[in-house]
1. What number of residues within segment 100-130 are within 15 Å of GLY80 (Cα to Cα) and either part of a loop (DSSP other than H, G, I, E, B) or among the basic types (Lys, Arg) (or both)?
2. Going through segment 116-130 one residue at a time, which ones are open to solvent by 30 Å² or more (accessible area, probe 1.4 Å), more than 25 Å from ASP97 (Cα to Cα) and either among the hydroxyl-bearing types (Ser, Thr, Tyr) or in contact with a helix residue (DSSP H, G or I) (Cβ under 8 Å, 6 or more places away or on another chain) (or both)?
3. LEU93 - would you say it is of a type in the set (A, V, I, L, M), open to solvent by 20 Å² or more (accessible area, probe 1.4 Å) and modelled with pLDDT of 90 or more?
4. Given (1) out of contact with any Cys (no Cβ under 8 Å at 6 or more places or on another chain); (2) under 24 Å from TYR154 (Cα atoms); (3) touching a residue at least 12 places away in the same chain (Cβ under 8 Å); (4) surrounded by fewer than 18 Cβ atoms within 10 Å (Cβ to Cβ), identify the lone condition not met by PRO32.
5. Read through the list (1) buried (at least 17 other Cβ atoms within 10 Å of the Cβ); (2) modelled with pLDDT under 95, then give the number of the only condition that GLY101 fails.
6. Can GLN107 be described as open to solvent by 50 Å² or more (accessible area, probe 1.4 Å) and within 14 Å of the chain's Cα centre (by Cα)?
7. Return the residue satisfying two criteria in turn: it lies in segment 1-29 and is hydroxyl-bearing (Ser, Thr, Tyr), at pLDDT 70 or above and farther than 20 Å from ALA135 by Cβ, and of such residues it is most open to solvent (accessible area, probe 1.4 Å).
8. Just one of the numbered conditions (1) under 24 Å from SER18 (Cα atoms); (2) modelled with pLDDT under 95; (3) in a helix (DSSP H, G or I) is not true of ASP39; which one?
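The values are calculated or read from the model by the stated rules, or taken from the named source; none is laboratory data. Because the structure is predicted, anything quoted here is derived from the model rather than measured. Don't worry about glycine lacking a Cβ; one is built from the backbone with ideal geometry, like all the others, and counts go over all protein chains shown. Just the protein is used for accessible areas: all its heavy atoms, side chains included, with ligands, DNA and RNA removed. Shrake-Rupley method; radii C 1.70, N 1.55, O 1.52, S 1.80 Å.
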Amino acid sequence: MEFLSKKDEEEEAWAAASEIEYVSYEGEDHLPLIMGLVDKELSEPYSIFTYRYFVYLWPQLCFLAFHRGKCVGTVVCKMGEHRNTYRGYIAMLVVIDSYRGKGIATQLVTRSIQVMMESGCEEVTLEAEVTNKGALALYGRLGFIRAKRLFRYYLNGVDAFRLKLLFPRPDLHSPTSPSPYMRLD
C-alpha cells in the first residue's frame, strides 16, 4: 500500500474528477480496499463479518472509485423487505478527504440508487451523524429528507438523522418529469 503525504495527496487529487474510474465490487481483492477506507474515515468500527454480509449478499450495490489505480472512495449498500416495503439501505459511504468536493460521492450514491430503483425498491434510507454537514448536504441535494433524529445513535455518542429518499410510484409518475435517477439513454 502506497502512502502519500497530505500535500502529495492533495496535488494528486487536483485533476482527479475527470480521471475517476467507477467499478462494481469484483470480489475478495476489493474487500481490503473497502475496509481500509471505512476504518480510516468513518467513526463506527465494523468487523470483517459486517463487510462480508454486505458485499457477498449485495455485490451489485457496492461501488468503488479509483484514481490512477488508487481506491479513493466506496459505497456499500443492501436492499430487502422492511415493514411491507422493499427498500434500499446505504450502509457506508466514504471518499478520501482530499478527493471530496469533486462529485465522487454523488456518483457512487447515484449508481447504487440506480440499481436499487431498477431492482424495485420503493425507498432508500441511511443514517448520518448530525455533525456531518458534508454528508447531510450531499444527501439533501439528492432529494433525501430527514425522517427522524436518533439520539446518541453512534458509539461516540453523536446523534444521527435517519434520511429517506422516496421514489415516485410508477402509477403516479408523470412522463414529463422523469426522476433524476432514471436513465435517459
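1. Within segment 100-130, residues that are within 15 Å of GLY80 (Cα to Cα) and either part of a loop (DSSP other than H, G, I, E, B) or among the basic types (Lys, Arg) (or both) number 4.
2. Matches in segment 116-130: SER119 only.
3. Details: of a type in the set (A, V, I, L, M): yes; open to solvent by 20 Å² or more (accessible area, probe 1.4 Å): yes; modelled with pLDDT of 90 or more: yes.
So LEU93 passes the test.
4. Only one criterion in (1) out of contact with any Cys (no Cβ under 8 Å at 6 or more places or on another chain); (2) under 24 Å from TYR154 (Cα atoms); (3) touching a residue at least 12 places away in the same chain (Cβ under 8 Å); (4) surrounded by fewer than 18 Cβ atoms within 10 Å (Cβ to Cβ) is unmet by PRO32, namely (3).
5. GLY101 satisfies every listed condition except (1).
6. Details: open to solvent by 50 Å² or more (accessible area, probe 1.4 Å): yes; within 14 Å of the chain's Cα centre (by Cα): yes.
Yes; evaluated as a whole, the condition is true for this residue.
7. First pass over segment 1-29, keeping only residues hydroxyl-bearing (Ser, Thr, Tyr): 5, 18, 22, 24-25.
From the residues that got through so far, the ones that are at pLDDT 70 or above too are 18, 22, 24-25.
Next, from what is left, pick out any that are farther than 20 Å from ALA135 by Cβ: 18, 24-25.
Working: SER18: 109, SER24: 51, TYR25: 26 Å².
Among residues in segment 1-29 that are hydroxyl-bearing (Ser, Thr, Tyr), at pLDDT 70 or above and farther than 20 Å from ALA135 by Cβ, the one most open to solvent (accessible area, probe 1.4 Å) is SER18.
8. Against the list (1) under 24 Å from SER18 (Cα atoms); (2) modelled with pLDDT under 95; (3) in a helix (DSSP H, G or I), ASP39 comes up short only on (1).
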